[in-house]
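**Student:** Before anything else, here's the structure in question.
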Amino acid sequence: MKKIVIVDDEPSILMSLEYTFRKNKFDVFIARDGQEALELLEYVEPDLILLDIMMPKVDGYQILKFIRNHPVLKDVRVVFVSAKNKEQDVSKGLEAGADAYVAKPFSLKKLVEQVNELLIS
Amino acid sequence: MGSIAIIVLLVLYLGLLFIVARWAEKFRNGKLLTGPYVYALSIAVYCSAWTYYGSIGVAATSGLDYLTVYVGPLIAFPFWYLIIRKIIRISRINKISSIADLLALRYGNSRSVGAWVSLLIILAVIPYLALQLKAISETFHVVTNTNETSSFLVDSASYVILIIAVFSAFYGSRFFDASEKRPGMIAAVALESILKLLFLLLAGIFVVYFVFDGSTDLYNKASELEGFAEKNRIDGAEGAVNWFSLSLLSFLSFFLLPRQFHVSVVENRKEKHLKTAAWLVPLYLFLINLFVFPIAWGGNVLFEGEQVNADVYALLIPQYMDNQVITLLVFLGGLSATVSMTIVASVSLSVMLTNNLILPFGLSKRIHRPDFHPTALIVRFRQIGIFLLLMLAFVFYRSFAMDYSMVSVGMIAFVLIAQLAPAFFGGLYWKTANRKGVLWGMLTGVLIVLVLLVLPAVLKAFKGYGLLEIDMDEFGAAGILDTIGMGILDPIPAALWWSLLFNTFVFVVVSILAKTDYRQRNYAEMFVDIDHYVDSHINAFVWRGTAYISDVEKILVRFLGEERTQRALRIFRQRNQIAPEEDLADARFIKFAENLLAGRIGTSSARILIQGVTKEEKISLNEVLRILEESKRQIEQNKELVKAGEELRKLSEHLQSANEALLTKDKEKDEFLNIVTHELRTPITAIRSASEILRDDDELPEEFKNRFLENIIVESDRLNGLISEILDLERFDSGKNALSFEQQNLNEILNSVLATLNHLFVSKNIRLIRNGLEVNTLVWLDPTRIHQVFTNLVGNALKYAEGEPAIIEISVTLKDGVQEVEVSNNGPNIPEEELDLIFDKFYQSADSRLKKTQGSGLGLAICRRIILAHHGKIWAENKKEGVAVCFSIPLDSREKPEDSL
């Protein structure tokens, strides 16, 4: 079973994502903000992280940087999920080292497909 | 004290003055010397020995008349300020160095006006100078306890006068350029003004508090004297008219006396110094008169029944009390008054003598000769002139004025000088005034004064010497005076009124009837409308003819020297953009050259010199007026252009800042839209994903189904709330949100808000504390908006209140006409640096505990806008436990209060 960490500060979005990925046979860990995500990553080594960008205190970019600089986690797949979906936001996210950038609002079906693809390649 | 000791003291004193003057020359640009106080003090040169001794004599013998000499100038001061400012402007531009020069220039650069004015002034001032010398001589005898001897050769007072004359002659002529400033002389005069005031005050204090037992004691004793009451009131209409006349006379002399003209106009450095003089000089006059009355009546009490000269009470009293120091100091004060007056008067007289009499007439032929180098000669003339004038005054005093009291001779001199008044004031304010009017008017006035006042005085003096046996009464002047005085006026006021009346009448009538010439018309325009021309006077001078710069240059070199001439020419060419090879002179150059020369040799002589090398065409009067009109219009246009340029610059500045503001606004708007779209997408994302699950997942357990449906509803509400808040905010920011004011009581609004939120208090088990329920002031406000603010603040408090029990405290207070509300909870603190930021749009705290549980992030931003629209303030502060959000609004917030912001 693939391990996935989902980070988002919106409880209702988090709820949908959690339900959907469990349904699709993922081992799901959730974090309600950046700080919680960093704490979670201390003891969970996921295959993929769904990462919101705009969060208070510790934002998605800081977490991505932490992961890419982490000796063990550095190759984990990271997917940004953000409501900022202008072209420059997307390219900025990819340049920072994300494997994919998914704009909110998203289709859950497509998101699951995209995650699966990333995990195969 | 011995004569020798006094003479030594005198020499020492003059030496001190000389050192002060030298020091002032050396540091001529020092702050103190060029400042307003030295200037104002030098104007106090008005207070001569006359003040020092004469006033006391008058106060002792004839009562309040002495005050007129000071009431006049005091009344004059507001006018003085305006008129002198005008003259200063005219004189600066035209390099005018004396009152004779001023009048000569105004009446067409007229040699004759300059000469007659100078003659009149010299005629009038010599007896006046004689008075000063008399004062010195008399006081010298008092101090040394000697008597005046009939032969002036053995009278040691003569030598005192000789010393002063030499000093003045040497000192007064040190500068060739008559319009140049003399900081040394002015510093010495200012110092003397301080000394004479100080010493007279000292004498006054001595008399009142040491000789007598304070002013009450003095008054009581004096009031027992015979005639005290009669002398110290102005008797009925007659007395009032005489009093007023004498005040008018002093008023006029404050403008017309040559020494006043010199210190207040020629020596003025900055126009704004007049402002200091405008209060300091009246104050000075007040102070110096403070003890005149007590000294006079103190003397009357002490020397009752004795034959003593009341003029010198200030010396006699300390001497009588055997106080050598005060006697000497008073003597030195009187000496200061005399010396300063003598120096300034003789300097200005000698300048008039050379520039308006000797040069234009005596030297008018020689002056054109190229080998004639007049500089040294002019200085020599001035030195001799000053010395001769003082000697003449000395002769006058020894032969005529001996048995005349100081005041009457001085008054006759004043009445003579007053004959300049119509020409003077008319010249400044009436364009039609012209030369013929001035000359005829002055002649009339002077003749009247000569017949009515001077002749009787001379006859009386002659009679006193047994030279002529014609009595004043036989001559009939007294009878005439009595008749024209209509039994009301004393001789001096009668002569003043009649002479001035005829003088003015002739001046006005002849001015209107006589044909004027274009030069006079030109200067009339420049003088009367000086404010128009002050920046461009050189263009206001009308002149047409043929002249060569090189010819004029030769003259300038003779009077100014090669170096100064070349420097002046360079500046002139630069300023007027004239090529160095251009040799044909225009009106501007002629005026420029005349000005350069005028400072040295006076306006009339300057004109004569320039005329010698130029060929001037006559211009018709109409043409002068047309040219003047043209130049006036040009000046106006220039002014308007400058003004328009200024406005344009302001406008473009304004535009630029508006543009910058717009750019920032644009940037803010972009930022705002970014955040708004993000905030809108968040609930949409939640709704969309929940809906997708509900649609696709057939096996969704009931529990999850309900949760997702609930999410959809909550997020839809959130979306809706967000949209209305964004619209709300935008309406405030674009100023479309007008408030509708009503008078309401804040507690009532609060009650209704709390009623709707009551269920939340119950469900969250939060305790509510309310303070200030008794406050029921009616406040002008928009109730819907304030309701919104309360809902928001209480809503936030509900979100963050925590603990057992969770508490919300709401206080309403009224202080200083301002209604203040505080809503506090006992939840977590807000980091200090974020306290101000929470009112920003979409502000999110970095502290996750404060993370909004729900809400748009716009609530407080809207609250702030509502409160600002009520001209109030909103702020947040941390409590020991929790956070308080407070706002205050004025009781009437419809109008913006004056002191806010």
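A short reminder: the numbers here are calculations on the coordinates, not readings from a lab. Bear in mind the structure is a predicted one, so any value in this text is a computation, not a measurement. Please note: Cβ atoms are built from the backbone with ideal geometry, for glycine as well, and neighbour counts cover all protein chains shown.
**Student:** Past the 23 Å Cα-Cα mark, which pairs from B:K31/B:K181; A:K57/B:K705; B:K181/B:K270; B:K650/B:K736? Present the calculation step by step, with values, prior to reporting the outcome.
**Tutor:** Numbers: B:K31/B:K181 15 Å; A:K57/B:K705 33 Å; B:K181/B:K270 12 Å; B:K650/B:K736 29 Å.
Result: A:K57/B:K705; B:K650/B:K736 exceed 23 Å.
**Student:** Please give the per residue volume of the convex hull enclosing the alpha carbon atoms of the protein assembly as shown, rounded to a whole number of Å³. Each step should come with its number before you reach the end.
**Tutor:** Values: hull volume 320.6 nm³, N = 1022.
Per-residue hull volume (Cα only) is 314 Å³.
**Student:** Now for a different question. Nearest 500 deg cm²/dmol is fine: what mean residue ellipticity at 222 nm does chain B get from its DSSP H runs of n ≥ 4 alone, each adding -39,500 (n - 2.57), divided by its residue count?
**Tutor:** Using -39500 (n - 2.57) per qualifying helix, the result is -21500 deg cm²/dmol.
**Student:** Determine, for B:S253, B:S247, the number of other Cβ atoms within 10 Å of each Cβ, and report the residues in order from fewest to most. If you can, show how the numbers build up before the last one.
**Tutor:** Details: B:S253 26, B:S247 20.
Going from sparsest to densest Cβ surroundings: B:S247, B:S253.
**Student:** Considering only B:A738, B:P805, B:V789, whose Cα is most displaced toward the positive end of the charge dipole of the protein assembly as shown, charges sitting on Cβ of Lys, Arg (+1) and Asp, Glu (-1)?
**Tutor:** The Cα lying farthest towards the positive end belongs to B:A738.
**Student:** So what is the relative contact order of chain B, in percent, for Cα pairs below 8 Å that sit 6 or more residues apart?
**Tutor:** Details: 1263 pairs, mean separation 125.3, N = 901.
Computed over chain B, the figure is 14 percent.
**Student:** While we're looking at this one, here's another question. Could you pull out every whole DSSP H run in chain B that spans at least 27 Å of Cα extent along its own axis and averages 1.0 or higher on the Kyte-Doolittle scale? Mind dumping the intermediate values first?
**Tutor:** Numbers: long enough: B:3-26 (34 Å, 1.93); B:68-94 (34 Å, 0.94); B:111-144 (48 Å, 1.33); B:183-205 (33 Å, 1.98); B:236-256 (30 Å, 1.24); B:324-352 (41 Å, 1.83); B:375-399 (36 Å, 1.50); B:491-513 (33 Å, 1.83); B:621-696 (108 Å, -0.70); B:702-733 (46 Å, -0.37).
Long hydrophobic helices here: B:3-26, B:111-144, B:183-205, B:236-256, B:324-352, B:375-399, B:491-513.
**Student:** Mind pulling the per residue volume of the convex hull built on the Cα atoms of segment A:3-120? Å³ is fine. Let's see the in-between values first.
**Tutor:** On the way: hull volume 11.0 nm³, N = 118.
Dividing the Cα hull volume of segment A:3-120 by its residues yields 93 Å³.
**Student:** Could you list, bin by bin from short to long, the percent of Cα-Cα pairs of segment B:535-619 in 5 Å steps?
**Tutor:** In order of increasing distance, the bins hold 3, 15, 28, 29, 20, 6, 0 percent.
**Student:** A further question follows. Which residues' amide hydrogens lie under 5 Å from the amide hydrogen of B:Y548, considering only partners 5 or more residues apart or on another chain, with H built in the peptide plane?
**Tutor:** When sequence neighbours closer than 5 places are left aside, the close amide H contacts are B:A585.
**Student:** Considering the Cα trace of chain B, what is its radius of gyration and what is Dmax, both in angstroms?
**Tutor:** 43.2, 152
**Student:** Related question: Mind checking the dipole of segment B:630-734: about its Cα centre, +1 per Lys or Arg Cβ, -1 per Asp or Glu Cβ, Debye to the nearest 20?
**Tutor:** Numbers: 16 positive and 26 negative charges, 197 e Å.
Dipole about the Cα centre, nearest 20: 940 debye.
**Student:** Right, something else. Please give every one of the aspartates and glutamates within straight-line cross-link reach of B:K669, meaning a C-alpha to C-alpha distance under 12 Å, and leave out same-chain neighbours fewer than 8 residues apart.
**Tutor:** Within reach: B:E730, B:D733.
**Student:** Next question. Which lysines have a Cα lying under 18 Å from the Cα of A:K25, excluding residues fewer than 8 positions away in the same chain?
**Tutor:** In chain and number order, the partners are A:K2, A:K3, A:K109, A:K110.
**Student:** Out of all DSSP beta bridges in the protein assembly as shown, what portion is antiparallel? Express it as a percent rounded to 5.
**Tutor:** On the way: 28 of 53 bridges.
So the antiparallel bridges in the protein assembly as shown amount to around 55 percent.
**Student:** So which GluC sites (Glu not before Pro) in segment B:628-733 are both in a DSSP loop and have at most 14 other Cβ atoms within 10 Å of their Cβ?
**Tutor:** Working: sites: B:E629, B:E630, B:E636, B:E640, B:E646, B:E647, B:E653, B:E660, B:E668, B:E671, B:E679, B:E692, B:E699, B:E702, B:E703, B:E710, B:E715, B:E725, B:E730; in loops: B:E699.
The qualifying sites are B:E699.
**Student:** If N is the number of residues in segment B:665-801, what value comes out of its Cα radius of gyration divided by 2.2 N^0.38 Å?
**Tutor:** Working: Rg = 20.1 Å, N = 137, 2.2 N^0.38 = 14.3 Å.
Cα Rg divided by the expected 2.2 N^0.38 Å: 1.41.
**Student:** Convert 37 °C to kelvin, take the viscosity as 0.692 mPa s, use the Kirkwood radius over C-alpha pairs of segment B:742-890 as Rh, and evaluate the Stokes-Einstein diffusion coefficient in µm²/s, rounded to a whole number.
**Tutor:** Values: Rh = 15.5 Å.
The Stokes-Einstein estimate is 212 µm²/s.
**Student:** Related question: Show which lysines lie in cross-link reach of B:K196 when reach means a straight Cα distance below 21 angstrom and same-chain residues fewer than eight apart are skipped.
**Tutor:** Candidates past the 8-residue exclusion: B:K134.
**Student:** List B:R770, B:R600, B:R718 from most exposed to least, where exposure is judged by having the fewest other Cβ atoms within 10 Å. All intermediate terms of the calculation are to be shown ahead of the outcome.
**Tutor:** Values: B:R770 14, B:R600 23, B:R718 20.
Going from sparsest to densest Cβ surroundings: B:R770, B:R718, B:R600.
**Student:** Still on this model: Quick query: amide H of B:V779 versus all other amide H atoms, modeled in the peptide plane; which residues come in under 5 Å with a sequence gap of 5 or more or a different chain?
**Tutor:** B:Q744, B:N745, B:L746
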